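A.B. asks: Here you go, one structure.
Here, each number is a calculation from the coordinates, and none is a lab measurement. Here the structure is a predicted model, which means the values were calculated and not measured. All Cβ positions, glycine included, derive from the backbone under ideal geometry; neighbour counts span all protein chains shown.
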Amino acid sequence: MGRMVGIDLGTTNCCVAWTENGKVTILPMPDGGYTMPSVVAFQQDGPTLIGEAAKRQAVVEPARTVYGAKRLIGRKFKDQKIQRWAKGVGYEITEGKQGDAWIRVAGETYSPEAISAMLLGELKTRAERYLGETVESAIVTVPAYFNERQRQATKDAGVIAGLHVEHILNEPTAAALGYGVAKGQNERLAVFDLGGGTFDITILEQRGDLFEVRATHGDTFLGGEDFDQQMVDYLVEAFKKRTHFDLRLEPVAMQRLRDAAEATKHALSATDSVPINLPFLIESAGSPMHLNVEAFGRKDLDTLNLQVLKRLEKPCFAALESAGLLPSEIDRVLLAGGMTRMRAVQQKVEEIFHKRAQHHMDPDHIVAIGAAVQCGILQGDLGAVTLLDVTPHSLGLRVADGRHRDRMRVLIPKNTTIPISEERSFTTTADLQRSVRIEVYQGESDDVTENVCLGQFFLGNLPELQAGDMEIRVTFLIDADGLLQVAAQEVSTGQEASIAIKSFSGLSPEEVDQLRIAAGTAPAEA
Ligand code: AMP
């Protein structure tokens, strides 16, 4: 049997780990580090680059270099957040199948699943080379706030890469496992996870070997890149003021600026002030123009990001409220995600929870370590713990309220422990109605149009009955990976229809197969 590994498929970086004889090993990368940049570069002449080499190419060929694909996964092109993000990246984001956000590079379109599959495939190859054996399956982590579509899309990416995805594990839950909380104590934990593109806050309770998520909140569009963007915007404006030249028109210069902003942010986690020097940034009328900032201070970075830092508060308070806890009732705050190295972020955590957060583990590896721990638990290599996670969004149906607007009827409220199955009976609104449309939504608004439609299906061939006489039983089932299945049944005839959320969006099974063939990971025909 091949090996099972834990994979943190991050917005910015990926990390792989596994357990052997109860000990966790993190996969070393060729550059000596333990993470691989989540970047894919399509060269004009030459093979597709993945990881470190791809990141290096971003400066030379920004339009051919894809990063942050995780931000697009399971999202619609018209989504305002996608539109805003599209303006800042060097590559083209386009409208793909069913209005999904896809990527267009060098005349080809790619789904974010296909890009994620390239990253997973590369990680699988590197792990196999290191281990000298086949890696067959994986536990892949996702932000707790990922919806059903995004989880399914991540699973599809694994399948395309030739991996059996054993489980989709929430990143904060993985982080808590990685911190080694599974040692039989009783405590309440908050996992504050701020990565390159997403923010999650999760409140967990541990009672012996039972490990229960009480609440989770977050923002799938809040992360390190937003901090970088503030700096980039500031530097662009300052340059424009001085030279009247708009750097936004120069993709290569913009990529250099983005890299410099990120490097400055990293340096400011360790020192108070650093210079920013970008010689020969552009050429104007035959002469080179440079960008030089003598001293950029940590305070400058914090001031530019006051609003971004403030956005961290609301999800934390919402999570505490959902868990019914006060900040003082949290025993420990654990940090995950590279951005928690920023001092101002640590201060914000302290301000919210009234206690210092723990960061004795490397926040870049903690999620992969936790995924590896779960691999170890599943394989019997580590002692068992029971993990109870929650659904991050309320799930329900569109129902007519007979007046002006359609309401959301919630079947499974946000933060319900999963796996779970819920059943509810409905009836028809018209006499002799022969079919009903079941529309599935997620979100917190009472007005269904403000929520996200996960999909719809029909239950037909209904018996001819008067309005209100028919009983239609709808069942929602969420499995341990947070994936939703909806079924409807007309009770008197037993007529049934059901659907997995997968069919509503993302790639069809046939498209997944095609991508597997293209990636060379499809099983050979017998
Ligand atoms: P992750 O998604 O967990 O890999 O986190 C990546 C994010 O963490 C990126 O935005 C990085 O710029 C940021 N990051 C990594 N190291 C540091 C550091 N030393 N100081 C501040 N931010 C960092």
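A.B. asks: Check Val5: other-chain or 5+ apart residues with amide H under 5 Å from its amide H, H built from backbone geometry?
C.D. replies: Hits under the 5 Å cutoff: Ser137, Ala138, Ile139.
A.B. asks: When ranked by the protection proxy of mean other Cβ atoms within 10 Å per residue, highest first, what sequence do the peptides 74-83, 286-295 form?
C.D. replies: On the way: 74-83: 16.3, 286-295: 11.8.
The packing order, highest mean first, is 74-83, 286-295.
A.B. asks: Please report the net charge: other residues with Cβ closer than 10 Å to the Cβ of Thr134, K and R +1, D and E -1.
C.D. replies: Around Thr134, the charge tally is -1.
A.B. asks: Tally Lys and Arg at +1 and Asp and Glu at -1 over the other residues with C-beta under 10 Å from the C-beta of Arg214: what net charge comes out? Walk me through the numbers before you get to the answer.
C.D. replies: Details: positive: Arg188; negative: Glu205, Glu212.
Local net charge: -1.
A.B. asks: Now, a different point. Would you order Glu490, Glu283 from fewest to most other beta-carbon atoms within 10 Å of each residue's own beta-carbon?
C.D. replies: Details: Glu490 21, Glu283 11.
With the fewest neighbours first, Glu490, Glu283 line up as Glu283, Glu490.
A.B. asks: Quick check on packing: order 14-22, 215-223 by the mean number of other C-beta atoms within 10 Å, highest mean leading.
C.D. replies: Working: 14-22: 21.0, 215-223: 23.6.
So the order, starting with the most tightly packed, is 215-223, 14-22.
A.B. asks: Starting with the highest mean, order 61-70, 167-176 by the number of other Cβ atoms within 10 Å, averaged over the residues of each peptide. Don't jump to the answer; show the numbers that get you there.
C.D. replies: Working: 61-70: 23.3, 167-176: 27.6.
The most tightly packed comes first, giving 167-176, 61-70.
A.B. asks: Additional query: Take the residue pairs Lys81/Lys314; Lys240/Lys310; Lys240/Lys314 and return only those whose Cα atoms are more than 23 Å apart. Present the calculation step by step, with values, prior to reporting the outcome.
C.D. replies: On the way: Lys81/Lys314 18 Å; Lys240/Lys310 28 Å; Lys240/Lys314 35 Å.
Checking Cα-Cα distances, Lys240/Lys310; Lys240/Lys314 exceed 23 Å.
A.B. asks: Something else: For the chain, treating each Cα as an identical point scatterer without solvent, what Debye log10 I(q)/I(0) comes out at q = 0.07, 0.09, 0.10 1/Å?
C.D. replies: Once normalised to I(0) and log-transformed, intensities are -0.42, -0.69, -0.84.
A.B. asks: Sequence-distant or interchain residues sharing an amide H contact under 5 Å with Val142, placed H: which?
C.D. replies: For Val142, whose amide H was placed from the backbone, the distant partners under 5 Å are Leu169, Asn170, Glu171.
A.B. asks: Give the aspartates and glutamates whose C-alpha is closer than 14 Å to that of Lys299, dropping any in the same chain fewer than 8 places away, or say none.
C.D. replies: Hits, sequence-local ones excluded: Asp272.
A.B. asks: Treating the angle as unsigned and between 0 and 90°, give the value, to the nearest 10°, between the Cα long axis of helix 509-519 and the longest Cα principal axis of the chain.
C.D. replies: Value to nearest ten degrees: 30.
A.B. asks: What share of the DSSP beta bridges in the chain is antiparallel, in percent to the nearest 5? Please list the in-between numbers first.
C.D. replies: Numbers: 87 of 108 bridges.
Around 80 percent of the beta bridges assigned by DSSP in the chain are antiparallel ones.
A.B. asks: What is the sum of charges around Asp31, taking Lys and Arg as +1, Asp and Glu as -1, for the other residues whose C-beta is under 14 Å from the C-beta of Asp31? If you can, show how the numbers build up before the last one.
C.D. replies: On the way: positive: Lys55, Arg56, Arg126; negative: Glu52, Glu122, Asp364.
Cβ neighbours under 14 Å give a net charge of 0.
A.B. asks: A follow-up question, please. What 222 nm value per residue comes from the helices of the chain, counting each DSSP H run with n ≥ 4 as -39,500 (n - 2.57) and dividing by all residues, nearest 500 deg cm²/dmol? Spell out each step's value before the answer.
C.D. replies: Working: 13 runs with 151 residues, N = 526.
So the calculated ellipticity at 222 nm is -9000 deg cm²/dmol.
A.B. asks: Follow-up question, since we're still on this one. Could you work out how far helix 148-160 tilts from the main Cα principal axis of the chain, as a 0 to 90 degree angle to the nearest 10?
C.D. replies: 70
A.B. asks: Follow-up. If you take the square roots of the eigenvalues of the alpha-carbon gyration tensor of segment 342-445 and sort them as a ≥ b ≥ c, do you get rounded (a/c under 1.5), prolate (a/b over b/c) or oblate?
C.D. replies: Values: a/c = 4.19, a/b = 1.93, b/c = 2.17.
Taking the square roots of the gyration eigenvalues as a ≥ b ≥ c, segment 342-445 is oblate.
A.B. asks: Taking 25 °C and 0.890 mPa s as the conditions, I'd like the Stokes-Einstein D for segment 395-501 in µm²/s, using the Kirkwood hydrodynamic radius from alpha carbon pairs.
C.D. replies: Working: Rh = 14.3 Å.
Answer from the Stokes-Einstein relation: 172 µm²/s.
A.B. asks: List the residues, sorted by chain then number, that are 5 or more residues from Ala522 or on another chain and whose placed amide H is less than 5 Å from its amide H.
C.D. replies: Ile517
A.B. asks: Using 0.36 nm times the number of residues separating Leu131 and Phe426, minus their current alpha carbon distance, what extension gain do you get? Please report the intermediate quantities before stating the final value.
C.D. replies: Values: separation 295, 0.36 × 295 = 106.20 nm, distance 5.46 nm.
100.7 nm is the gain from fully extending Leu131 to Phe426.
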